[in-house]
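The values are calculated or read from the model by the stated rules, or taken from the named source; none is laboratory data. The model shown is predicted, which means the values in this text are computed figures rather than measured ones. Neighbour counts run over all protein chains shown; Cβ positions are idealised from the backbone, glycine included. Surface areas here come from the heavy atoms of the whole protein model, side chains and all, with no ligands, DNA or RNA. Shrake-Rupley method; radii C 1.70, N 1.55, O 1.52, S 1.80 Å.
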Amino acid sequence: MFSRSILRSLASDLRCTTPYASATPLLQRACLHQTASLRASQQEASSQSSAPNPDTPLSATPRAQTSQPDAHEGIRIPSSGPATTPIIPKTRRDVPIEKQPVAPTFDSPLKVTQTLLSRLPHLVGQSPHYVVAELHARPYLLTEGDHIRLPFLMPKVKTGDILRFNRASALGSRDFTLKGSPHVDERMFECRVRVVGVESEPLRIKEKTKRRQRHTKTVKSKHRYTILRVMDVRIKTPEELLQEGAVVIEDAEDATKIEAKS
């Protein structure tokens, strides 16, 4: 009993003399003061943000770059005259001469029959025209304004290039058809296309396995295709053919004929 009372008295003396006992109320008061000031600042910020018409703009820096810089930036604007909008060529006439393709050269002149020359104005006068053009032994039925999606990526071409299809098995309109044997001479028509761009298919993943083999091979493929737009499909008139040096021959010597659809 005596020892227990002594221990209790010593413990009470230690509690009274510890330095942290007097510092605890001060810390609590400091924390209460900080929380109160933080709440007051948050309430003030929320009241300012909820104001309908702020005094100053939220962002003073422009979000889009302007073509005319300000005078205080110290940048001089060259006086090159009024800016003109670029002209997008739609037909061959709108393309500059230096960018047009070089005309092919032939060893012999074009040979046409008198019957073909007499029926050709009927075909030329009836528009729109179509052409069955062949590219890598694949026929494409094309008219002006069509879009072609080639099943491969055409090499050495860029977006905006103008190409010419010079191999066609047939030309025609609603009532007339000009068939070749096997192809129509390229000097009788013009079919020009423009490279619009390149498309790619979604990624395909295929798993290949073999019998009695635990290994599985994963093959990934993502093919790309060239997109073309037909700009012009035009059949030349008899006057243009004769002006370019065409020679009139007998009917039995030429198999190119114009057929009327029934």
Completion exercise
Of the conditions (1) farther than 25 Å from VAL132 by Cβ; (2) touching a residue at least 40 places away in the same chain (Cβ under 8 Å), the single one that ASP232 does not satisfy is (1)
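In the stretch 141-151, what residues are within 20 Å of GLY180 (Cα to Cα) and either in contact (Cβ under 8 Å) with a residue 12 or more places away in the chain or among the charged types (D, E, K, R) (or both)? If you could, list the steps in order and put the result at the bottom.
We begin by selecting, within the stretch 141-151, every residue within 20 Å of GLY180 (Cα to Cα); these are 141-143.
The answer is LEU142, THR143.
Assess whether ILE235 counts as being over 30 Å from GLY145 (Cα atoms) and either open to solvent by less than 70 Å² (accessible area, probe 1.4 Å) or in contact with a helix residue (DSSP H, G or I) (Cβ under 6 Å, 6 or more places away or on another chain) (or both). Lay out the reasoning, then the answer.
Values: over 30 Å from GLY145 (Cα atoms): no; either open to solvent by less than 70 Å² (accessible area, probe 1.4 Å) or in contact with a helix residue (DSSP H, G or I) (Cβ under 6 Å, 6 or more places away or on another chain) (or both): yes.
No, not satisfied.
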Handout entry: Residue within the stretch 169-182 that is open to solvent by 70 Å² or more (accessible area, probe 1.4 Å), farther than 23 Å from ALA246 by Cβ and either polar (S, T, N, Q) or touching a His at 6+ places or on another chain (Cβ under 9 Å) (or both) present
Key = no
Exercise for the section: Check whether at least one residue in the stretch 210-217 is surrounded by 10 or more Cβ atoms within 10 Å (Cβ to Cβ) and in contact with a Phe, Trp or Tyr (Cβ under 9 Å, 6 or more places away or on another chain), and report yes or no. Expected result: no
Exercise for the section: Tell me which residues, restricted to the stretch 184-209, are in a strand (DSSP E or B) and either without any contact (Cβ under 8 Å) to a residue 12 or more places away in the chain or open to solvent by 60 Å² or more (accessible area, probe 1.4 Å) (or both). Expected result: VAL196, VAL198, GLU199, SER200, ARG204, ILE205, LYS206, GLU207, LYS208
